[in-house]
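Have a look at the structure below before the remarks.
The values are calculated or read from the model by the stated rules, or taken from the named source; none is laboratory data. Keep in mind that what you see is a predicted model, and the values were worked out from it rather than measured. Quick reminder, even Gly has a Cβ in these numbers, built from the backbone with ideal geometry, and neighbours come from all protein chains shown.
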Amino acid sequence: MYESKAELENKIANLETRLADLKERLARIEQSEQHDAVDHVDEYMEVLEQEFASLREYWPVALQELRNLFKK
Amino acid sequence: MNETTATATSIAVEQTPKGNWINWLKIAGLVYLLLVAVSTIGSGFKLASGDHAKELFEFASNPLTGLIVGTVATALIQSSSTVTSIIVGLVAGGLPVQIAIPMIMGANIGTTITNTIVSLGHVRQGAEFRRAFSAATVHDFFNLLAVLIFLPLEIMFGFLEKIGGTLANMMVGADSMSMKGLNFIKPLVKPPVTFVKQNTEAMMGDTAAGILMVVLGIALIFMVITLIGKLLKSLLVGKAKDILHSAVGRGPISGIASGTLITVLVQSSSTTTSLIVPLAGSGVFTLRQIFPFTLGANIGTTVTALLAATAVTGGNAVFALQVALVHLTFNILAVAVIYSIPPLRNIPLVAAEKLADAAVKNKLYAGGYILLVFFIAPLVLIGGSQMLGV
């Protein structure tokens, strides 16, 4: 059974409306998560003082990969 | 007590209304010291070099060398505000603007090392590291691309120098080489600089006194900018939050504006760009969403050099302002040109994502990249250009 052109256009329009609605709802959820993350900015500010801690975190990982490189 | 807590304690910020007043007074005092430091560098450099400032910086007359000096100095100090303020001071002392411009561009590249190092802290979390590292390096790639586009154009046409010169003359008056409009700074800054100059000159010869003044000025700028950054970060974290909240879901222009504003408030582009790293690392913000914030940081950071230029008096005042305006113009043009042309805009994004993919597979790429871009490549380029006598 074939659908008429009008029926298909109607279905597409409905889908597009539904899609736009879903996109809007997703954007709202994402923005809500972003606002929550921004609320923790002061905690991140404290972490920024720890550049050397970042290097300390990285160093053993890099060293391990270097060892693996020479083991091969 | 770890290092961070110790540092935070040493510059404890009281968040009571009275404490806030005291902290704002401290900031006013520190800004004054910044102006004194810039002026001290200018006077010291002039005293030490006499009329030979250009010859002293002959080694940096090659724009590539100037660029690399700016990059490495900023990467080592991890503060473009400090380096650009020092450059403004040196221009006040007679360093030619043409030599200073590549250095200023180099400072833009060098400052990106901080957030890249911060992103290494996520190294043990695969996907988080990928997002954090790409969020950090997108700033690097943007600044490298900006220099690749604008440095050759500047060498060929000197357009930034011309724009900066025109703007500086418009601001101070073409008929005058002293900053008439900003003359209220002069009586405030001059007495301590004269005091330092007279005392150092009394102790040693002109050259040694000048060098000592430059060293004192650099040390003072470094100290002042570090303290201002710490104080402003503590005082304005709430404001930064408000700005970020207002930018959420508002598109790239708002992102650029908020990145600029936050950087102006905290007087540090590294703080803004590093702040973005954990936000992107958590996956809540995408790379494309945080990209405009990092661009705003580039624009916002130029305020420090402009502020520093207000401290300069005398014949070179207009040149100091010119180089500060070149810094501003360069960053605004880079954002306008690169961000508004989609193929150019995508280059830093794609490069950052590709490098992050590689760094997740092999963490050595991350460290190797930092060493290569900020230290090895600059030294090789300097060595090569010196050997070839370019």
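What to note about this one:
- Test for A:E57: is it at the interface with chain B (Cβ under 8 Å from one of its Cβ atoms), surrounded by 13 or more Cβ atoms within 10 Å (Cβ to Cβ) and more than 30 Å from B:S246 (Cα to Cα): yes
- The number of residues in the range B:351-373 being touching a residue at least 60 places away in the same chain (Cβ under 8 Å), part of a helix (DSSP H, G or I) and out of contact with any Gly (no Cβ under 7 Å at 6 or more places or on another chain) comes to 12.
- Yes/no for A:F70 being hydrophobic (A, V, I, L, M, F, W, C), closer than 30 Å to B:A240 by Cα and either touching a residue at least 40 places away in the same chain (Cβ under 8 Å) or loosely packed, with under 15 Cβ neighbours inside 10 Å (or both): no
- Qualifying residue in the range B:250-269 (condition: within 12 Å of chain A (Cβ to nearest Cβ), assigned to a helix (DSSP H, G or I) and in contact (Cβ under 8 Å) with a residue 60 or more places away in the chain): no
- Residue ID - nearest to B:V237 (Cα to Cα), chosen from residues in the range A:23-48 that are in a helix (DSSP H, G or I) and of a type in the set (D, E): A:D42
- From the list B:G70, B:G106, the one residue that fits, being in contact with a Leu (Cβ under 7 Å, 6 or more places away or on another chain), part of a helix (DSSP H, G or I) and at pLDDT 90 or above, is B:G106.
- Some residue of the range B:96-109 being under 13 Å from the mean Cα position of the chain (by Cα) and within 14 Å of chain A (Cβ to nearest Cβ): no
- For B:T294, the requirement of being farther than 25 Å from B:Q322 by Cα and in a helix (DSSP H, G or I) is not met.
- Flag not set for B:F129, criterion: surrounded by 24 or more Cβ atoms within 10 Å (Cβ to Cβ), under 25 Å from B:V284 (Cβ atoms), among the hydrophobic types (A, V, I, L, M, F, W, C) and within 14 Å of chain A (Cβ to nearest Cβ).
- When A:Y44 is tested against the conditions (1) more than 7 Å from chain B (Cβ to nearest Cβ); (2) touching a helix residue (DSSP H, G or I) at 6+ places or on another chain (Cβ under 8 Å); (3) among the hydroxyl-bearing types (S, T, Y), the lone failure is (1).
- Screening B:F285 on (1) within 14 Å of another protein chain (Cβ to nearest Cβ); (2) in a helix (DSSP H, G or I); (3) over 15 Å from A:D42 (Cα atoms) shows it passes everything except condition (2).
Yes/no matrix, rows are residues, columns are (1) over 30 Å from B:T263 (Cβ atoms); (2) over 23 Å from the mean Cα position of the chain (by Cα); (3) surrounded by 24 or more Cβ atoms within 10 Å (Cβ to Cβ):
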position	(1), (2), (3)
B:F45	no, no, yes
B:E55	yes, yes, no
B:L64	no, no, no
B:V72	no, no, no
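- Taken over the range B:259-296, residues that are more than 24 Å from B:V147 (Cβ to Cβ), more than 18 Å from the chain's Cα centre (by Cα) and surrounded by 23 or more Cβ atoms within 10 Å (Cβ to Cβ) amount to 4.
- Long-range neighbours under 7 Å by Cβ, at least six apart or interchain, first residue within 12 Å of another protein chain (Cβ to nearest Cβ) within the range B:222-236, second not in a helix (DSSP H, G or I): B:G229/B:Q267; B:G229/B:S268; B:K230/B:I11; B:L232/B:Q267; B:S234/B:V13; B:L235/B:V13
- Every residue from the range B:324-366 that is among the hydroxyl-bearing types (S, T, Y) and more than 14 Å from chain A (Cβ to nearest Cβ): B:T329, B:Y339, B:S340
- Pair list, Cβ < 8 Å and 6+ apart or interchain, from the range B:155-173 residues that are in a helix (DSSP H, G or I) to residues that are basic (K, R) and at pLDDT below 95: B:V172/B:K180
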